[in-house]
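Notes follow the structure.
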Amino acid sequence: MPAGRPPKPDAIRELQGNPGKRPLRKRSARPAVRLPNPPEHLPPPARAEWRRVGEQLRTLGLISDVARAALVVYCVAWTRHKQASLAIEREGAVIYVPEHTDNKGRPWPARWDTSPWVAIERSAADQMLKAMREFGMTPASFTKAAAAEPEQEATPLMRLLQGGKQTAGGPDARR
């Protein structure tokens, strides 16, 4: 795995504009922007998240048929995270394990232990965040991906208001 920051998708580069005015790398071939159909195996909550997030990604030009698997990973992780969070809320983050014997007949004392749902929630959150970074869906990445303002040709009045000088030869030119 290469070290360093992963490259930004070209769609995010376009949304950011080119504030440094440095030459951009050659544009990679991009598949057509389209929200693919969700796979059949997705449970209903993951399908709802697919529609919610997928439409936003389509609007931003960040989803296509080839990115379908990454969106599946995000939606499944989101569903598992939701399920684990609800279970923790319902059952608590710690569980009571009563006194018992293991499969070799050795006694184990009663104890309190972390619920398995806590590990599931953490794992799902990690998977979700990794997928979100790929699409530019984290606060750090979407503030960087704000749409660039369209450049407007400065009118003489705008240049004057911004402290610039009038161009020579115009009707209001200074002599």
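Just a few scattered comments:
- Complete set of residues in the stretch 89-115 that are small (Gly, Ala, Ser), surrounded by 10 or more Cβ atoms within 10 Å (Cβ to Cβ) and at negative phi: ALA93, SER115
- Residue check for LEU71: outside any helix (DSSP H, G or I) and aliphatic (A, V, I, L, M): no
- Close contacts from the stretch 103-116, counting a first residue that is farther than 22 Å from ARG90 by Cβ and a second that is surrounded by 10 or more Cβ atoms within 10 Å (Cβ to Cβ) and charged (D, E, K, R), with Cβ to Cβ under 9 Å and a gap of 6+ residues or different chains, come to none at all.
Any read-out appearing in this document is the output of simple, stated calculations on the displayed coordinates, not a laboratory observation. Keep in mind that what you see is a predicted model, and the values were worked out from it rather than measured. In this analysis, Cβ positions are derived from the backbone assuming ideal geometry, glycine residues included, and neighbour counts consider all displayed protein chains.
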